[in-house]
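To start, the structure under review is shown below, and the notes come after it.
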Amino acid sequence: MSFLPFFAAAWLFIVGLWGVVSSRNLVRTVLCLVVVQSSSYLLLLGVGYRGGAQAPIVADIPTTTRLVDPVVQVLVLTDIVIEATVAALLLALVVQAHKRFGTIDPADLRPLRD
């Protein structure tokens, strides 16, 4: 078992989180959230990987053949769809904030709370 996918997922998570915390632009913040989400893809694929296993297409193979877990693949596809939806929604909110307030800098939007 290799720990490389888990280290890479942790590294992507930390880099994306650092980008979210230090960003002065809402578009860059959304992109950093996408990087954080991509770390979950890598983590799920690292959990579901089996060395020497075949794709889970069981039509013409013996029943004793090792297969890759198809549930993990479905979870990754679901995660990709959710991430794309969330990113599109957040980018639409950024566009609306820019139209309404003329800025995408979070520091300039803080006075609007008062």
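The values are calculated or read from the model by the stated rules, or taken from the named source; none is laboratory data. Here the structure is a predicted model, which is why all the values come from computation and not from measurement. Every residue, glycine among them, receives a Cβ derived from its backbone with ideal geometry; neighbour counts consider all protein chains shown. We work out accessible area using only protein heavy atoms, side chains counted, and drop any ligands, DNA or RNA first. Shrake-Rupley method; radii C 1.70, N 1.55, O 1.52, S 1.80 Å.
Taking one quarter of the surface of the convex hull spanned by the alpha-carbon atoms of the chain gives a direction-averaged projected area of 9.2 nm². Computing FRET efficiency as 1/(1 + (r/R0)^6) for TRP11 and ALA107, where r is the C-beta to C-beta distance and R0 is 25 Å, gives about 0.35.
Residue separation of LEU91 and THR64 scaled by 0.36 nm, minus their Cα-Cα distance, works out to 4.9 nm of gained length. The residues neighbouring SER39, those whose beta-carbon lies less than 12 Å from its own, together hold a net charge of -2 under the Lys/Arg +1, Asp/Glu -1 convention. Summarise the accessible area of segment 14-109 (1.4 Å probe, protein heavy atoms) by the percent that is carbon and sulfur. Roughly 70 percent of what the probe reaches on segment 14-109 is carbon or sulfur. Compactness of segment 56-105 was expressed as the Cα radius of gyration divided by 2.2 N^0.38 Å, which yields 2.13. Rolling a 1.4 Å probe over the protein heavy atoms gives the chain an accessible area of 72 Å² per residue. Stokes-Einstein diffusion of segment 1-59 at 20 °C, 1.002 mPa s viscosity, Kirkwood radius from Cα pairs, rounded to a whole number: 167 µm²/s.
Each peptide in 97-107, 23-33 receives the mean, over its residues, of other Cβ atoms within 10 Å, and ordering these scores from highest gives 23-33, 97-107.
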